[in-house]
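Peer 1: Take a look at the following structure, please.
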Amino acid sequence: MSVKHALLALLEKPRYGYELRAEFEQRTGASWPLNVGQVYTTLSRLERDGLVEAGGTDAEGRSLYQLTEAGRVEVKGWFDSPVERTQPQRDELAIKLAVAVAVPSVDVGKVVQQQRNATMQALQGYRRQARSGAGDDLAGGLVLDRLVFAAEAEIRWLDHCESRLRRAAATSTAPEPAEPTEPTDGGTR
Amino acid sequence: MSDPVLRLTDVSRVHGTGAAEVQALRGVSLAAYAGELVAIMGPSGSGKSSLLTIAGGLDSPTSGSVSVDGQDLGEAGISGRAKLRRTSIGYVFQDFNLIPALTAAENVSLPLELDGAGRRPARDAARVALEEVGLDGFADRFPDEMSGGQRQRIAIARAIVGERRLILADEPTGALDTETGEDILKLIRARCDAGAAGVLVTHEPRYASWADRVIYVRDGLVVDEAGETPSTVFATGVEQ
């Protein structure tokens, strides 16, 4: 995921690198930790592209970054357009199940069950985070909700896969309609 | 570990006979301990609701045994089971099952009054339970005057009134929006954290995730279990 735009948007108010990282992590409920090197690399690229500029230092002498006019336009453009969905990210789970169905030695039902348990445990983990107050802050709460909805959707999809697999298995093991043992007269079927 | 509040041992339930025979449950064993919320998930017709009605003594197993608070429901007989339902077991249903002609407080105090409690102490207990579910001030309202979420809160107050040890909830969020559903689960969870044992039937993963353990039922069998604490209660009954 590109954090460029998110960091840029948070520079609505001038900030120094560590502060920017802390703000990003607090806003997003620490769901996507950033290392500070990544933040400074991004800032220097943004500066090179004319989207941010040095904004002096704070009382403790830390270098602040602030948005340029071009940066403001870029941020507005980001918020004004939807996140692209035309190229869904490569989905390892979907690929794994699709391949599992094609490989006869794999117990696909077990793959589904194992994943569902893991995802349910993740969902229970989000629940614990929420109960411990992680979602009390609005921004962090929205991110946590997003993770809950995504895990929920995955479990529902796995339930659906399981039903489809069972239906497919039932169809393939159903007894074939009995063939007539005597030649028929051809007009009764 | 102490004795479970609810224990089902090798429970089977067959409805109908001959060609119409349906095996709703096939040898299910499970236990729910004090302080624990257990969720039961499974597709429609998997037996999850049958399991709950048997756990609560509303239906009897064809074979196997059920005990609540150490008391065998089969041995308790009809009146013993009725007493347990009034005193130890609280139910929450999808469609609330409130009596429209009674106020919120009267709906909640009814099981206590049926059990012989005096009117005044029963009403006092009802008010405490209504407060616990955030309905203080609504005691004299009729269910029709309240929203779906508030009605389900009354139903929860009725399920917990009188310190019930076992809360059984069958799709309690089915008729509610996500946020209201979450509030309802919070209440059930809080009651379990306070020492009750809870069993929640749901088809929604988000609500199941409030539970300590999630049990999957399919074709009347427990087929899987997810949860942080590996269960020690599944000595039998899990299809491998």
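Peer 1: In degrees between 0 and 90, to the nearest 10, how far off the longest principal axis of chain B does helix B:119-132 point, with axes built from Cα atoms?
Peer 2: 70
Peer 1: Using only the C-alpha atoms of chain B, find the volume of their convex hull and express it per residue in Å³.
Peer 2: Output value, Cα hull per residue: 128 Å³.
Peer 1: When the Kirkwood hydrodynamic radius is evaluated over all pairs of different C-alpha atoms of segment B:93-163, what value in angstrom, to one decimal, is obtained?
Peer 2: Details: mean 1/r = 0.0867 Å⁻¹.
It works out to 11.5 Å.
Peer 1: Treating cross-link reach as a plain straight distance, find the lysines whose alpha-carbon is under 23 Å from the alpha-carbon of B:LYS186, omitting any fewer than eight places away in the same chain.
Peer 2: Here the lysines satisfying the reach criterion relative to B:LYS186 are B:LYS48.
Peer 1: As a check on your grasp of the helix formula, calculate [θ] at 222 nm for chain B: sum -39500 (n - 2.57) over DSSP H runs of n ≥ 4, divide by the residue count, round to the nearest 500. Don't jump to the answer; show the numbers that get you there.
Peer 2: Values: 7 runs with 81 residues, N = 240.
Per the formula, -10500 deg cm²/dmol.
Peer 1: Test of the criteria: in segment A:85-126, which trypsin sites (Lys or Arg not before Pro) are in a DSSP loop and have at most 11 other Cβ atoms within 10 angstrom of their Cβ? Could the numbers behind the result be given before it?
Peer 2: Numbers: sites: A:ARG85, A:ARG90, A:LYS96, A:LYS110, A:ARG116; in loops: A:ARG85, A:ARG90.
Passing both the DSSP loop test and the Cβ count: A:ARG85, A:ARG90.
Peer 1: Between segment A:3-33 and segment B:62-136, what's the alpha-carbon centroid distance in Å?
Peer 2: 52
Peer 1: Per residue of chain A, what 222 nm ellipticity follows from adding -39500 (n - 2.57) for every DSSP H run with n ≥ 4, rounded to the nearest 500?
Peer 2: It lands at -20000 deg cm²/dmol.
Peer 1: Then there is this: Excluding residues fewer than 8 places away in the same chain, name every one of the lysines whose C-alpha is closer than 29 Å to that of A:LYS96.
Peer 2: Those lysines meeting the cut-off are A:LYS110.
Peer 1: Let me ask you something else. Rounding to the nearest 10 and keeping the result within 0 to 90°, find how far the Cα-based axis of helix A:138-173 lies from the longest principal axis of chain A.
Peer 2: Tilt relative to chain A: about 10 degrees.
Peer 1: Let me ask another. Within a 10 angstrom radius of each residue's Cβ in A:111-123, how many Cβ atoms of other chains show up on average? Whole number is fine. Intermediate values should be presented prior to the final figure.
Peer 2: Details: counts 0, 1, 4, 2, 0, 6, 6, 1, 3, 14, 5, 1, 7.
Counting Cβ atoms of other protein chains within 10 Å of each residue's Cβ and averaging gives 4.
Peer 1: Using 0.36 nm times the number of residues separating A:ILE95 and A:TYR18, minus their current alpha carbon distance, what extension gain do you get?
Peer 2: Values: separation 77, 0.36 × 77 = 27.72 nm, distance 3.82 nm.
Extending this stretch completely gives an extra 23.9 nm.
Peer 1: A further question on this structure: Can you give the alpha-carbon Rg of the protein assembly as shown over 2.2 N^0.38 Å, where N counts its residues?
Peer 2: Numbers: Rg = 27.9 Å, N = 429, 2.2 N^0.38 = 22.0 Å.
My calculation over the Cα atoms of the protein assembly as shown gives 1.27.
Peer 1: Whole number please: convex hull volume per residue, Cα atoms of chain A, in Å³.
Peer 2: Numbers: hull volume 40.4 nm³, N = 189.
So the per-residue Cα hull volume is 214 Å³.
Peer 1: Also, I was wondering about something else. Gain in length, A:ARG128 to A:SER105, computed as 0.36 nm per residue apart minus the alpha-carbon separation, to one decimal in nm?
Peer 2: On the way: separation 23, 0.36 × 23 = 8.28 nm, distance 3.76 nm.
Result: 4.5 nm gained on full extension.
Peer 1: Name the lysines eligible as straight-distance cross-link partners of A:LYS13: C-alpha to C-alpha under 21 Å, and not fewer than 8 places from it in the same chain.
Peer 2: Within reach: A:LYS4, A:LYS76.
Peer 1: Further question on the same structure: Extension gain A:ALA150-A:HIS5, at 0.36 nm per residue separation less the Cα-Cα distance, in nm? Each step should come with its number before you reach the end.
Peer 2: On the way: separation 145, 0.36 × 145 = 52.20 nm, distance 2.25 nm.
So the chain would gain 49.9 nm between A:ALA150 and A:HIS5.
The numbers here are math on the coordinates, done by the rules we state, and not lab data. Here the structure is a predicted model, which means the values were calculated and not measured. With ideal geometry, Cβ positions are generated from the backbone for all residues, glycine too; neighbour counts draw on all protein chains shown.
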